[in-house]
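Visitor: Please see the structure below; I have some questions.
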């Protein structure tokens, strides 16, 4: 699954929307997302927390045969943005060249809980998952992140 | 809960982040989100699908005593954006003045499933929820949206 | 000029676009931007550089009778974003409640020069101006910012 | 000039910002932007107006030896977004794979005038230029766009 196939599918979907003929996601689009994830050769995880990185790496390694690396730059500054998890992913996209970027951070305002997001090489959002605020539900961070990664993958049938 | 209180809480959180002293969401921040939602007097739902609107309105009506209206403008064009659900919310924010905006649309690329998001009067993201692609799980749209609204509220303890 | 009038004008423009009847900016829209700027009562400048603040304050004071304050929070972290000037403005919008926000920062990637942007109380972009990279043209920062503010205002006929 | 060099330069700039050691754009960063533009092999222009396309193509052709194509999809829907010119560029990025994307559209709200923006293969903003609202200054569209392209290039020393 190359960039080109995904771009072509997106173009078709955009054209359908412009004509008013779009009727929700198509199975081949979800398939294209799955293939983009499974065929990744290099993945950058936008965290510099070794524990979080290992949980994510372990689960992703079962799905694809990729070099998975941690970003070597502090992404906490993304917390001063409207969507910190997305902002972390975009920092990773700016400074590293990879097939996939995985970021985890706050969803929105302080108190809004967390988001884990998987982006492709152009920063397009492939899938994501949400957790409620740690102030609401006290689970270990590792277990929480494990759930989030699995949930994000499950949403696209992986 | 006015804008001012929320802005002050956000400022404190941002200052904590800048000092490297931030340790996750605080209970009072989640409480502030709850209060912002419960005290809303006017809510705009960024859909022009009567069915979706009714499901959302019914659930939200139980939580707050607000005028809830549907946007009278087609937001489908938001599908040609990187985050269609967020883009729909921002269209509503641009054209209507309200205390809360609720939008539902695609999360990211075609095939990435859907997102329901609740924004405040400035477009700050208070909470959200995700559903997998309709191509993956075939549930009625009404039931799906009902779950999404409840899930978004539950994430902040409502 | 209240939020409501501007929102109504934007709604009309969006409806024109949806119908394919939009033909560029209208004089009354530019007039609405001017009125929004001139009638501002509180303005937050997203810088914590006293010199830059004074230049901006002096020029803006001639146009509107507003309380103009400097943000008391370091916005340099916005440099790790895709559009640092815009990101600074959004930080100000998140933490302060004002009628206008003025931010100045890098336009895009390092080397892309700077942008000065004026946003309204909802973060909508009213006008802006650009300067080339300081690596290209060596002018004093004060003179540069003075030009930028005047240029942003001139673009909307002020 | 590959993606990799630019990504490395951006990483260094981000690290300087994190350490509080950043002091404005560096000459080598502007040089990297120039090289990215000059070495482009495929460029997509996010317009479907033949006239606008030709003006842009003619000027860009003098700087780089690239295949320059017009997007075959209507990007006018981007007018219902907070930054239409940027949104048009992102639509092009989503549906076509290229080294550079050039988009032109409204800067912000209706009445805010126009922006021309040049993005790289990942959607990073390399340079841009602004024009005042056509409601303010009545020049021919072709001449206006010609100025904008030249201005965007001049800002980075091209």
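Visitor: Is one or more of the residues making up the stretch B:48-70 surrounded by fewer than 22 Cβ atoms within 10 Å (Cβ to Cβ), within 14 Å of chain A (Cβ to nearest Cβ) and free of Cβ contacts under 8 Å to residues at least 60 places away in the same chain?
Guide: Looking for residues that are surrounded by fewer than 22 Cβ atoms within 10 Å (Cβ to Cβ), within 14 Å of chain A (Cβ to nearest Cβ) and free of Cβ contacts under 8 Å to residues at least 60 places away in the same chain, one finds at least one in the stretch B:48-70, hence yes.
Visitor: Answer yes or no as to whether residue D:72 is in a loop (DSSP other than H, G, I, E, B) and closer than 18 Å to residue D:157 by Cα.
Guide: No.
Visitor: I need the full set of residues from the stretch D:147-158 which are at the interface with another protein chain (Cβ under 8 Å from one of its Cβ atoms) and without any contact (Cβ under 8 Å) to a residue 40 or more places away in the chain, in order please.
Guide: Matches in the stretch D:147-158: D:154, D:155.
Visitor: Also, I was wondering about something else. Would it be correct to say that residue A:91 is assigned to a helix (DSSP H, G or I) and either on the phi > 0 side of the Ramachandran plot or surrounded by fewer than 22 Cβ atoms within 10 Å (Cβ to Cβ) (or both)?
Guide: Answer is no for this residue.
Visitor: What residue, of C:30, C:77, C:44, is surrounded by 15 or more Cβ atoms within 10 Å (Cβ to Cβ) and assigned to a strand (DSSP E or B)?
Guide: Just one listed residue meets the conditions, C:44.
Visitor: Here is a follow-up. Kindly provide the set of residues from the stretch D:47-59 that are touching a helix residue (DSSP H, G or I) at 6+ places or on another chain (Cβ under 7 Å) and farther than 18 Å from residue D:114 by Cα, ordered by number.
Guide: D:59, the sole residue that qualifies.
Visitor: Turning to a different aspect of this structure: Regarding residue B:119, is this residue within 24 Å of residue C:97 (Cβ to Cβ) and not in a helix (DSSP H, G or I)?
Guide: yes
Visitor: Tally up the residues in the stretch C:122-146 that are closer than 19 Å to residue D:127 by Cα and either facing chain D (nearest Cβ under 9 Å) or surrounded by fewer than 16 Cβ atoms within 10 Å (Cβ to Cβ) (or both), please.
Guide: Number satisfying all stated conditions: 13.
Visitor: Another one. Just to be sure, is residue B:86 without any contact (Cβ under 8 Å) to a residue 40 or more places away in the chain, in a strand (DSSP E or B) and farther than 24 Å from residue B:27 by Cβ?
Guide: For residue B:86, the condition - without any contact (Cβ under 8 Å) to a residue 40 or more places away in the chain, in a strand (DSSP E or B) and farther than 24 Å from residue B:27 by Cβ - is not met.
Visitor: For the stretch A:98-121, what are the residues that are within 7 Å of another protein chain (Cβ to nearest Cβ) and either on the phi > 0 side of the Ramachandran plot or touching a strand residue (DSSP E or B) at 6+ places or on another chain (Cβ under 7 Å) (or both)?
Guide: Across the stretch A:98-121, the qualifying residues are A:107, A:108, A:109, A:111, A:112, A:113.
Visitor: Could you say which residue among D:9, D:15 is at pLDDT 95 or above, surrounded by fewer than 18 Cβ atoms within 10 Å (Cβ to Cβ) and facing another protein chain (nearest Cβ under 7 Å)?
Guide: D:15
Visitor: Same structure again: If I filter the stretch B:71-83 down to residues being touching a strand residue (DSSP E or B) at 6+ places or on another chain (Cβ under 8 Å) and within 11 Å of chain D (Cβ to nearest Cβ), which single residue comes out as farthest from residue B:42 (Cα to Cα)?
Guide: Looking at residues that are touching a strand residue (DSSP E or B) at 6+ places or on another chain (Cβ under 8 Å) and within 11 Å of chain D (Cβ to nearest Cβ), I get B:82.
Visitor: Can we say residue B:33 is under 27 Å from residue B:95 (Cα atoms) and within 7 Å of chain A (Cβ to nearest Cβ)?
Guide: Criteria met by residue B:33.
The values are calculated or read from the model by the stated rules, or taken from the named source; none is laboratory data. In this text, all values refer to a predicted model and were calculated from it rather than measured experimentally. A quick note on method: Cβ atoms are made from the backbone with ideal geometry, for glycine too, and the neighbour counts reach across all protein chains shown.
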